[in-house]
Amino acid sequence: MRLRNWIAVVIGIALLAAAGTIGFLVNRSALQAADGVHRADSRALAVNNSTLVGQMELLSATELGEFLGDASLHLGRGNAADRAALRSLVGESSTFRYGAMLIGFDGTVLNASRDTGLPAADNTGWQPMLATLQAGQKAGFSSIMVVDGAYLQAVGVPVVVGGAPAAILVGLNDVAQTSLQQYTVTLNSGAHSTTIVDSTGTVAAASNAKLLGTQIDPAIRRALAADPQTQFIEYRTLAGTDMIAIVVGGLPGDWAYVRTQTRKSFDGAVHTKSQTLNLTLGAMLLIGVLAITALGYRTQIQRRRADERFQALFQHAPDLVSVLDAEGRIEYSSPSAVAVLGFPEGKLVGSSVFDIVHPEHLSYMREQFALLRANRDAVLRLQAVVRSGHGEYRWFEFTASNKLHDPSLHGIVINARDISETRAFQERLAHEAQHDPLTGLPNRRRMQDELDASLSEEPVAVLFVDLDGFKPVNDAYGHEAGDELLRQVAERLSGCVRERDVLARVGGDEFVVLMPGVLSPADGDAMSARIRHALERPFAIGGAEVRIGASVGVHLAAGASDPDEALRAADHAMYAVKRSRHPQPPAGRHRAAD
């Protein structure tokens with residue numbers, strides 16, 4: 001009997017040891033899977049944010065390029081006209097409010113919008129920008145330069161004369177006031193810190209503004225120097241705190257996106273509960289009493305703790321995790337559905353996922369779902385608009401995996417993230433890139449695209465409108481009055497055009513009207529008359545009544561005509577009208593190239 005008891009004890013201990021070993025391995029596998037998903041999501045978020053940062057940098061260079069397309073520069077050292085043009089650029093820019101410069105490719109200053117507060121020619125921060133432009137690139141970006149306590153960034157584009165670069169147009173911005181800094185502040189979180197750093201490791205934008213101008217940790221700088229690609233960097237601070245950073249390099253000017261947080265906050269509750277589980281299993285292995293009873297009891301404890309661990313993970317995760325059956329019905333929805341979509345916990349279970357998809361995206365989502373279901377182990381990434389529990393529609397990004405063959409899941413696993421704010425920001429950037437910030441009208445680039453598209457299908461009447469008498473108003477009442485006059489002119493012109501016509505502001509006081517489908521000279525002349533009549537009425541500017549006129553050139557372009565030639569012909573027609581009224585055109589006025 002005693003031997004039998006010992007045999008039972010030995011068997012019980014062996015069973016406990018086997019079960020404990022299995023428990024350790026399962027816990028480690030689950031922890032590795034959760035870490036993999038967490039790191040993949042963190043990497044995707046970092047890449048998305050860094051892409052937006054790169055687009056914002058390139059948009060600032062585009063603004064300088066557009067200025068060069070409209071301006072006529074002399075490039076003489078200290079030239080008064082160039083200085084006036086630079087000051088006009090600074091006055092109208094939403095990016096380069098600090099200042100603008102013209103410099104040679106050796107860094108020599110030719111002109112500037114301001115007399116003081118400029119980076120010295122020997123400042124090492126110029127080197128990345130100069131090296132990029134000297135290599136033939138279309139835009140260059142400096143490192144951070146400190147001038148009178150302000151942290152400045154320079155953006156440069158080449159000024160091309162006779163087909164060869166002759167100088168560099170430089171826009172200066174105070175990084176504390178840039179749209180990049182404003183965007184980075186929106187990423188502020190108590191759990192992590194987001195920074196944008198230059199090639200020297202100096203912070204150029206930060207979710208915490210106090211970090212501007214400081215240096216990132218040397219461990220991150222060394223890792224960036226060794227490999228500028230997307231990577232995770234683990235290091236320890238001087239105070240002994242274990243940290244982890246997700247870094248995305250390769251941005252314009254060799255800048256980089258860096259998000260840092262403590263290793264403890266990055267790992268979160270999953271690691272804490274995993275360690276607790278390991279200690280519990282170890283203690284139970286050492287006790288080794290009442291083998292069969294203890295094994296059953298421990299199995300129940302282990303299962304309950306595993307459920308609690310994953311419930312905690314999904315409860316606080318920023319993403320929504322769901323499991324669908326082969327027909328698209330929701331079999332499981334994580335508790336985060338309450339915070340992410342606004343549906344009560346368990347409300348979505350049993351309903352079809354297609355019930356909350358926007359009608360315009362429904363057929364596309366059904367098509368993609370059928371494609372996913374037909375391919376074993378397939379993974380799809382797609383975006384669609386989804387209705388929340390509050391009735392509003394929001395953009396979501398989905399990662400869908402076919403796990404119908406997996407006996408533990410037997411379904412389609414969906415990971416969904418709300419990207420409404422990111423989509424809205426991208427759409428705003430796209431709108432600003434193609435519209436005039438003063439009047440809200442399409443800019444020259446948007447007009448050129450519309451003209452290209454229209455002429456490929458049908459004839460277009462092109463009207464080039466130049467304001468007469470705008471400069472005296474601007475000189476007499478100031479730039480703010482001039483801006484208000486331009487806004488009122490845009491409003492009146494908008495009332496003249498047809499629904500399908502395109503009205504664009506293409507220069508300081510120059511506008512273009514495109515009339516698709518018009519070949520009759522009478523229609524073009526009628527529109528010209530409406531425009532002149534609308535602009536001849538007095539304007540109320542700052543309590544004063546001012547009058548201006550307009551010279552309108554009309555060109556009827558046949559379908560499949562060259563868009564540049566059509567625009568040039570309308571410009572020449574306008575110039576002929578103006579010359580008939582003023583035999584000598586104003587000196588120094590920039591006209592479209594013949």
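The values are calculated or read from the model by the stated rules, or taken from the named source; none is laboratory data. All values reported here derive from a predicted model rather than from experimental measurement. Using ideal geometry, Cβ is built from the backbone for each residue, glycine included, and neighbour counts are taken over all protein chains shown. Each accessible area value is taken on the protein alone, full model and side chains, heavy atoms only, with ligands, DNA and RNA left out. Shrake-Rupley method; radii C 1.70, N 1.55, O 1.52, S 1.80 Å.
Here is a yes/no grid of residues against (1) β-branched (V, I, T); (2) in a strand (DSSP E or B); (3) without any contact (Cβ under 8 Å) to a residue 60 or more places away in the chain:
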site	(1), (2), (3)
T422	yes, no, no
P437	no, no, no
E457	no, no, no
G482	no, no, yes
S494	no, no, yes
L514	no, yes, no
Problem - Qualifying positions in the range 131-157 - of a type in the set (A, V, I, L, M) and without any contact (Cβ under 8 Å) to a residue 12 or more places away in the chain - result: A131, A135
Exercise for the section: Answer yes or no as to whether P128 is free of Cβ contacts under 8 Å to residues at least 60 places away in the same chain, under 19 Å from D174 (Cα atoms) and in contact with a Phe, Trp or Tyr (Cβ under 8 Å, 6 or more places away or on another chain). Expected result: no
Handout entry: Conditions (1) open to solvent by 40 Å² or more (accessible area, probe 1.4 Å); (2) at pLDDT below 90; (3) in contact with a helix residue (DSSP H, G or I) (Cβ under 9 Å, 6 or more places away or on another chain): number failed by G517
Key = (2)
Handout entry: Sole exception among (1) in a helix (DSSP H, G or I); (2) of a type in the set (A, V, I, L, M, F, W, C); (3) under 38 Å from the mean Cα position of the chain (by Cα) for M527, by number
Key = (3)
Completion exercise
Note: among L64, L52, L59, L89, just one is within 30 Å of Q229 (Cα to Cα), assigned to a helix (DSSP H, G or I), at pLDDT 90 or above and within 32 Å of the chain's Cα centre (by Cα), namely L64
Practice task
May I ask you to list the residues in the range 110-132 that are surrounded by fewer than 19 Cβ atoms within 10 Å (Cβ to Cβ), of a type in the set (A, V, I, L, M, F, W, C) and modelled with pLDDT of 90 or more?
Solution key: A120, A131
Fill in the blank from the handout: In the range 479-489, anything over 21 Å from M527 (Cβ atoms), in contact with a strand residue (DSSP E or B) (Cβ under 6 Å, 6 or more places away or on another chain) and of a type outside the set (A, V, I, L, M) is listed as E484
Handout entry: Residue check for A476: of a type in the set (A, V, I, L, M) and out of contact with any strand residue (DSSP E or B) (no Cβ under 8 Å at 6 or more places or on another chain)
Key = yes
Handout entry: Enumeration of residues in the range 74-86 that are touching a strand residue (DSSP E or B) at 6+ places or on another chain (Cβ under 6 Å), open to solvent by 40 Å² or more (accessible area, probe 1.4 Å) and part of a helix (DSSP H, G or I)
Key = R83
Fill in the blank from the handout: When (1) open to solvent by 30 Å² or more (accessible area, probe 1.4 Å); (2) assigned to a strand (DSSP E or B) are applied to A100, the one that fails is (1)
Completion exercise
Wholly inside the range 137-207, strands (runs of 3 or more DSSP E) that include 3 or more residues that are touching an Asp or Glu at 6+ places or on another chain (Cβ under 8 Å) and closer than 30 Å to L73 by Cβ are 150-161
Practice task
Give the residue that is farthest from N49 (Cα to Cα), with candidates limited to residues of the range 404-416 that are at pLDDT 80 or above and either open to solvent by 40 Å² or more (accessible area, probe 1.4 Å) or in a loop (DSSP other than H, G, I, E, B) (or both).
Solution key: P407
Practice task
Output the residue which, of all residues in the range 389-403 that are under 14 Å from H358 (Cα atoms) and aromatic (F, W, Y), is modelled with the highest pLDDT.
Solution key: W395
Practice task
For R114, indicate whether it is basic (K, R), over 28 Å from the mean Cα position of the chain (by Cα) and farther than 20 Å from V175 by Cβ.
Solution key: no
Practice task
Go through (1) within 15 Å of Y257 (Cβ to Cβ); (2) open to solvent by less than 10 Å² (accessible area, probe 1.4 Å) one by one and return the number of the condition Y183 breaks.
Solution key: (2)
Exercise for the section: For the range 522-536, name all the residues that are more than 12 Å from V497 (Cα to Cα) and open to solvent by 80 Å² or more (accessible area, probe 1.4 Å). Expected result: D525, H533, E536
Problem - The lone exception for E63 - which of (1) within 30 Å of P442 (Cβ to Cβ); (2) touching an Asp or Glu at 6+ places or on another chain (Cβ under 8 Å); (3) open to solvent by less than 60 Å² (accessible area, probe 1.4 Å) it fails - result: (2)
Handout entry: Pair list, Cβ under 6 Å, 6 or more apart: the range 21-49 residue crowded, with 17+ Cβ neighbours inside 10 Å, other residue assigned to a helix (DSSP H, G or I)
Key = G23/L281; G23/Q302; N27/S274; N27/L277; L31/S274; A34/V270
Handout entry: The listed residue being free of Cβ contacts under 8 Å to residues at least 40 places away in the same chain and loosely packed, with under 14 Cβ neighbours inside 10 Å, out of A226, A191, A206, A219
Key = A226
